[in-house]
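Okay, structure first, notes after.
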Amino acid sequence: MIKVAIDAGHGINTAGKRTPSGEREWSFNNKVVLALINRLNDYQDVQITRLDDSSGKRDVPLKERTDKANNFGANILISCHHNANTGRWGTWTGTETYHYPNSTNGRKLAQAIHPNVVKAYGLRNRGIKSANFHMLRESRMPAILIEGGFMDSTIDIKKLRDDNVLKRAGINIADGVAKHLGLKEKPKQTVTSGGSTYTVK
């Protein structure tokens, strides 16, 4: 059984984590995370735990999040965020993925996921980077933190306001995880009802 810890960064009411128009970062993050979890559930032998408050109302402390991931015995951790620069509209742009400095397995995870994220958003590739972030430092498993685009970018906000882009980001992350970990999709089943045939997983 593969265990995956997933995190939508911040809470819906966290100060500063919003666009210049007042949209909340958590709302963008959550759409990615919901699609990520939904797609991962298409794969066999996967157990998922969500580290943040799924309602967004409580900004779960970072230590509580990494403690939960560690106690869960997660094989990997993925933290989904959207970036900000000055908090005022500008033309900076791009997607980046972080791992903990000198973490070989963290870098390998980032290398497996980052191209899928860039493809989903269709924004500038800012690359794979390392940083001493709590979520990466205090987790005992390979961990990455994804910045899916800038909330205060007049370029990126068009993508962030498109639910199809955020859904595709979640799906692409999940598929990258599956390929990296060698997961197999659940077998499809054929169900006949009322003269119609449906394929389900």
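The values are calculated or read from the model by the stated rules, or taken from the named source; none is laboratory data. Just so you know, these numbers come straight off a predicted model, no measurement behind them. Quick reminder, even Gly has a Cβ in these numbers, built from the backbone with ideal geometry, and neighbours come from all protein chains shown. Ligands, DNA and RNA are excluded from the accessible area calculation, which covers all protein heavy atoms including side chains. Shrake-Rupley method; radii C 1.70, N 1.55, O 1.52, S 1.80 Å.
A few notes on this one:
- Residue in segment 23-31 that is surrounded by fewer than 17 Cβ atoms within 10 Å (Cβ to Cβ) and more than 13 Å from the chain's Cα centre (by Cα) present: yes
- Segment 137-159, residues that are outside any loop (DSSP other than H, G, I, E, B) and closer than 21 Å to Asn172 by Cα: Ala143, Ile144, Leu145, Ile146, Glu147, Gly148, Gly149, Phe150, Ile157, Lys158, Lys159
- Residue within segment 118-129 that is more than 20 Å from Phe28 (Cβ to Cβ), touching a strand residue (DSSP E or B) at 6+ places or on another chain (Cβ under 6 Å) and crowded, with 16+ Cβ neighbours inside 10 Å present: yes
- The strands (runs of 3 or more DSSP E) falling completely within segment 43-106 that include 3 or more residues that are open to solvent by less than 40 Å² (accessible area, probe 1.4 Å) and under 16 Å from Met135 (Cα atoms) map to 76-83, 95-99.
- Number of the condition not met by Thr19 [criteria: (1) of a type in the set (Val, Ile, Thr); (2) under 24 Å from Ala120 (Cβ atoms); (3) more than 16 Å from the chain's Cα centre (by Cα); (4) surrounded by fewer than 18 Cβ atoms within 10 Å (Cβ to Cβ)]: (4)
- Of residues in segment 173-186 being open to solvent by 20 Å² or more (accessible area, probe 1.4 Å) and either within 9 Å of Tyr43 (Cα to Cα) or outside any helix (DSSP H, G or I) (or both), the one modelled with the lowest pLDDT: Lys186
- In segment 160-172 there is no residue matching the filter, namely being small (Gly, Ala, Ser) and part of a strand (DSSP E or B).
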